[in-house]
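Written out below as structure tokens is the structure these notes cover.
The values are calculated or read from the model by the stated rules, or taken from the named source; none is laboratory data. From a predicted model like this one, the values you see are computed outputs, not experimental measurements. Quick reminder, even Gly has a Cβ in these numbers, built from the backbone with ideal geometry, and neighbours come from all protein chains shown. What goes into the accessible areas is simple: the full protein's heavy atoms, side chains included, and nothing from ligands, DNA or RNA. Shrake-Rupley method; radii C 1.70, N 1.55, O 1.52, S 1.80 Å.
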Amino acid sequence: MASRSRGWSSTRQLEIANCCARLGRRGRRLPLASSLSIRDLIPASLRTLPRDGVLLFVSRFTRLFAYGALSVILVFYLVSLGLSEAQVGVLLTLTLAGDMAISLLLTTQADRIGRRRMLIVGAILMAGAGVAFASTKNLLFLIVAGTIGVISPSGHEVGPFLSIEQAALSHVVPARSRTEVFAWYTLAGSLATALGAFCGGAAAGVVQRASLSTSDSYRVVVLLYAALGVALAFLFTRLSTSAEADMSATPASGVSARDFLGVGRSRSIVLKLSSLFALDSFGGGFVVQSFAAYWFYLRFGLAPVKLGLIFFWANVLAGISALFASRLATRIGLVRTMVVTHLPSNVLLILVPLMPNLSLAVLVLLVRFSISQMDVPTRQSYTMAVVRPEERSAAGGITGVARTAGAAISPIFAGFLFSRPALIDIPFFIAGTLKIGYDLLLYREFAAVRPPEETN
């Protein structure tokens with residue numbers, strides 16, 4: 001009996017030992033799982049970003065937050081100053097025209113004079129425009145400030161920043177990860193625009209409840225815009241020379257053809273892309289975010305606080321969609337991704353004013369935003385890929401100016417349409433039709449022009 005007891009005890013001890021061994025092995029595995037940090041959740045393409053790349057992401061977020069905050073209240077602010085809708089349309093058109101001229105001047109000189117210097121100049125002009133808009137109600141002064149400075153009525157990029165930053169990013173990241181980095185760069189901007197739109201509308205509502213006048217409540221947001229312009233200038237001073245173009249490595253034949261604003265061998269493709277981007281932006285200019293928000297106010301009587309919430313989610317969806325764009329582009333190519341995502345979004349744009357109630361109109365708008373920006377990182381990556389490295393800032397600037405030029409013309413027409421209650425739906429129809437035409441022409445002209453990483 002004693003021997004059986006000892007045998008049982010030995011067996012039991014062996015089982016306990018095995019159990020402890022298994023727990024030990026599990027314990028050794030647990031630190032591996034628990035050692036996962038937030039950094040491990042960041043995509044590899046972002047983990048390897050150099051310091052300049054991180055700064056460019058931060059500057060993008062800061063700038064788009066300012067643009068988003070301003071876009072929701074800008075038309076309301078200008079109308080509260082006593083301007084008519086038609087005058088607002090003229091002002092926004094001239095503002096975008098001024099942005100176009102400033103962009104062309106700064107981006108075509110950025111690679112030669114210095115990208116950091118041009119970015120700082122742009123940030124100063126942005127801050128100055130914000131201060132001027134907050135300080136006067138005189139239409140002439142507003143036109144001068146909007147033309148010389150940098151003001152975004154759409155919530156999207158204006159001025160020289162995007163083109164120069166993309167050229168710098170393309171300079172510091174490998175070609176194989178460029179589209180993915182641009183996708184995250186787009187997401188950062190969309191989230192910032194969304195947060196800015198929400199905060200801009202909410203801030204105006206909070207200040208109004210504090211018994212300030214309507215125009216003063218909107219002026220607070222305009223002053224915030226100016227302050228963020230100052231912060232942006234500081235961020236750009238931290239960029240290193242690694243973000244600059246290496247002009248010493250440029251072949252003489254490549255620099256001699258700077259007749260056309262800094263592009264030589266890439267001239268033909270830049271001109272074609274510019275004309276198509278201008279058409280797309282001309283259509284989009286009829287429904288810039290400021291006017292889209294104003295449409296919801298006229299049609300459904302929504303206050304700026306609710307409008308800020310709507311456009312917050314719209315821009316969040318737009319930003320998230322950019323991540324799917326980079327994955328889709330690896331499968332079907334950059335040009336096809338641009339077209340197959342942009343085309344249905346423009347059909348949805350036409351459907352927004354046809355919706356019979358607020359809920360459906362907002363739903364269609366949100367669905368539209370969830371795919372409308374998938375062409376942005378692919379378009380930007382494609383432009384940087386098909387031009388020579390030393391011409392990237394200039395090419396980005398010229399195509400960006402073409403987009404601004406297209407967008408600058410249409411608000412003047414949109415303003416007149418919005419000043420007539422029976423015609424406030426027409427801008428959506430015009431915008432959707434023109435943008436569909438852009439999609440079809442883009443595919444016809446560039447389906448066969450593939451970037452280097454797609455031909456290898």
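Laid out as a table, the results:
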item: Exposed-site-free run, longest, the chain (rule: trypsin sites (Lys or Arg not before Pro); DSSP loop; at most 16 other C-beta within 10 Å); result: 266-456
item: Descending principal axes extents, segment 102-227, alpha-carbon based, whole Å; result: 54, 30, 18
item: Per residue solvent-accessible surface (Å²) - the chain, probe of 1.4 Å; result: 42 Å²
item: Cβ crowding within 10 Å averaged over residues, with 273-284, 344-355 ranked highest first; result: 273-284, 344-355
item: Euclidean distance between Cα centres, segment 138-208 to segment 394-456, Å; result: 18 Å
item: Share of pairwise Cα separations in segment 155-219, more than 14 Å, in percent; result: 68 percent
item: Per-residue [θ]222 nm for the chain (sum of -39500 (n - 2.57) over DSSP H runs n ≥ 4, rounded to 500); result: -26500 deg cm²/dmol
item: Cα-based Rg / Dmax (Å) for segment 316-456; result: 16.8, 55
item: Counted charge near PHE236, where neighbours are those whose Cβ lies closer than 10 Å (Asp, Glu -1; Lys, Arg +1); result: +3
item: Semi-axes of the equivalent ellipsoid for the chain, Cα gyration tensor, largest first, Å; result: 44, 30, 23
item: Order by protection proxy (mean Cβ within 10 Å, highest first), peptides 75-81, 425-431, 193-199; result: 193-199, 75-81, 425-431
item: Heavy-atom accessible surface of segment 265-362: percent carbon and sulfur, 1.4 Å; result: 68 percent
item: Mean Kyte hydropathy of -1.0 or more with a Cα span along the axis of at least 24 Å, helices from DSSP in the chain; result: 2-34, 51-80, 85-113, 115-135, 178-209, 214-237, 267-284, 304-332, 334-351, 392-418, 426-446
